[in-house]
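Enquirer: Input: one structure, supplied below.
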Amino acid sequence: MKRLLTIMMAAVLVIGITVPATVHAEDTVINEKLGVPIVVYGADLSDAEKESVKNSLGVAQEAEVEEISVDGSDLVKYIKDGNGKARMYSSAKITRQEEGKGLVITIVTQDNITQVTPEIYATAMLTAGIEDAIVEVASPKKVTGHSALVGIYKAYEVTGEKLDTERTDVANDELNLATKFAKEPGVDSDKVAELLTEIKKQIAEKNPATKEEVEKIVTEQMKKLNINLSDADRQLLIDLMDRIRNLDIDFNKLSEQLSDMTSKIKETLGDIDPGFWESVKEFFANLFESVQSWFK
């Protein structure tokens with residue numbers, strides 16, 4: 001009986017996830033302190049694609065939003081050596097949160113963002129100096145997801161924040177490296193995000209004075225997480241982390257954010273016993289058969 005109740009509770013949970021609650025614009029409240037959500041559209045979206053993104057991001061359910069677009073000129077502004085002719089499709093909605101709330105990243109069109117995961121977005125955003133926000137990412141077609149990060153940078157400056165372009169450039173390199181590593185055999189994106197987070201956490205706590213000390217941290221964390229990279233990729237990672245060490249970052253604050261980030265990465269569906277989800281699947285199959293029998 002206890003097992004049945006557990007499975008039924010899981011069923012309710014799954015239904016709650018898959019059936020979104022109806023939200024009415026008139027029920028929402030405009031935050032006069034933090035501002036309205038900002039929606040950033042990739043400039044190369046067609047009208048129909050833009051409408052699709054609006055629907056995915058729930059723009060109509062907001063009481064009020066500020067809408068802007070991001071194009072190749074923004075890419076050049078925030079990312080050194082960026083391609084000003086790059087085509088931009090991935091889009092995002094950014095809702096500022098009170099200080100200390102942290103980052104909550106959701107990819108609402110998971111099948112269409114092929115390389116960047118919520119965890120990778122979050123670790124890059126912390127490097128760039130962005131914190132305390134709810135960020136939703138969407139695209140109407142399959143894309144890597146890189147332009148959404150540039151859009152997030154632009155959205156923050158629209159709110160009056162000033163981002164350090166050196167930090168945004170390093171954050172973009174971090175994003176590129178993370179997606180590169182995630183494509184390697186035996187290395188998934190969650191593990192990559194955990195590796196980057198743990199290395200930065202150690203840098204924040206140990207405050208290494210030399211590149212050799214950074215290399216030691218990288219080696220220790222790769223061994224701890226059982227991640228194997230080629231010598232060339234390992235050197236790229238060391239070089240990136242040494243650049244992060246030299247950024248003008250409040251590492252005490254960063255350490256707290258990264259600790260929270262570590263907890264969020266570990267709280268993934270992958271940590272749940274696969275047998276539990278098989279039980280849920282079996283429950284729905286049996287339920288479907290029972291319902292069918294009612295009409296025979």
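Enquirer: For the range 125-224, what class follows from the C-alpha gyration tensor (a ≥ b ≥ c being the square roots of its eigenvalues): rounded when a/c is under 1.5, otherwise prolate if a/b is larger than b/c, else oblate? Mind showing how you got there, number by number?
Expert: Numbers: a/c = 2.45, a/b = 1.33, b/c = 1.84.
The shape class here is oblate.
Enquirer: For the range 209-239 and the range 74-94, what is the centre-to-centre distance using only Cα atoms, to the nearest Å?
Expert: Each part's Cα centre sits 29 Å from the other's.
Enquirer: Going by the alpha-carbon gyration tensor, a ≥ b ≥ c the square roots of its eigenvalues, is the range 38-170 rounded (a/c under 1.5) or, if a/c is not under 1.5, prolate (a/b greater than b/c) versus oblate?
Expert: Details: a/c = 1.40, a/b = 1.09, b/c = 1.28.
Because its axes are fairly even, with a/c under 1.5, the range 38-170 counts as rounded.
Enquirer: Return the FRET efficiency for the residue pair A232, D164: r is the Cβ-Cβ distance, R0 is 30 Å, and the value is rounded to the nearest 0.05. Spell out each step's value before the answer.
Expert: Values: r = 28 Å, r/R0 = 0.95.
So the FRET efficiency works out to roughly 0.60.
Enquirer: Anything over 30 Å Cα to Cα? Flag those among K33/K80; K77/K224; K141/K183, in the order listed. Don't jump to the answer; show the numbers that get you there.
Expert: Numbers: K33/K80 33 Å; K77/K224 37 Å; K141/K183 20 Å.
Long pairs (Cα-Cα over 30 Å): K33/K80; K77/K224.
Enquirer: Please state the shape class of the range 159-203: rounded when a/c is under 1.5, otherwise prolate if a/b exceeds b/c and oblate if not, all from the C-alpha gyration tensor. Walk me through the numbers before you get to the answer.
Expert: Numbers: a/c = 2.85, a/b = 1.90, b/c = 1.50.
It is prolate, given that a/c is not under 1.5 and a/b is the larger ratio.
Read the figures in this text as sums done on the coordinates, not as results from a lab. Only a predicted model underlies this, so the values are computations on that prediction, with no experimental measurement involved. Positions of Cβ are generated from backbone atoms using ideal geometry, with glycine treated the same way; all protein chains shown enter the neighbour counts.
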